[in-house]
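Below you'll find the structure, written out as structure tokens, and then a few comments.
The numbers here are math on the coordinates, done by the rules we state, and not lab data. Every value quoted in this text rests on a predicted model; they were computed, and no experiment measured them. Here the Cβ positions follow ideal geometry from the backbone for every residue, glycine too, while neighbour counts run over all protein chains shown.
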Amino acid sequence: MINVIGRKDRAPIRTCLGCRQRRAQQKLWRFALDNSGCVIKDFRGMHDGRHAYCCQADSCLQRFFKNKKGLSRAFRQQVLGFDEGLQGLFGSEQ
Ligand SMILES: [Zn+2]
């Protein structure tokens, strides 16, 4: 048996809050929570703290927006709303 624990050559895996599937972090959109409890885009990882992830697909995004409970859990803080700019993600599926 080869000991693989401690290897760092694998991409980090995150869970999509839309479909709950685990995927490579780079294939997911990243979101952060601003000071007012509003979910914002954080594709470049500019914000510190906790993040939530979602597949780059409309179907997942739709469920992501409805999953306020899951989002609040991911951020460990109550999610009060969504940034208007997030609407622009619909249809930008890659
Ligand atoms: Zn998904």
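Net length available on complete extension from Asp48 to Lys66 is 4.1 nm, with 0.36 nm assigned per residue and the Cα-Cα distance removed.
Ignoring everything except DSSP H segments at least 4 long, calculate the 222 nm mean residue ellipticity for the chain; use -39,500 (n - 2.57) per segment, divide by total residues, nearest 500.
Working: 2 runs with 17 residues, N = 94.
Computed ellipticity for the chain at 222 nm equals -5000 deg cm²/dmol.
Note on Arg10 and Lys41: their simple-model spin labels are 3.1 nm apart, each label 7 Å out from Cα toward Cβ. What the Cα convex hull of the chain gives, in volume per residue, is 123 Å³. The chain: longest stretch without exposed chymotrypsin sites (Phe, Trp or Tyr not before Pro) (DSSP loop, at most 15 other Cβ within 10 Å), sites themselves excluded? Longest site-free region, per DSSP loop and neighbour criteria: 44-89.
In plain terms, the chain is cut at each of the trypsin sites (Lys or Arg not before Pro) found in a DSSP loop with at most 15 other Cβ atoms within 10 Å, and the longest leftover piece is 51-75.
To the nearest 0.05, what FRET efficiency results for Gln78 and Gln21 with a Förster distance of 35 Å applied to their C-beta separation? In this case the efficiency is close to 0.90.
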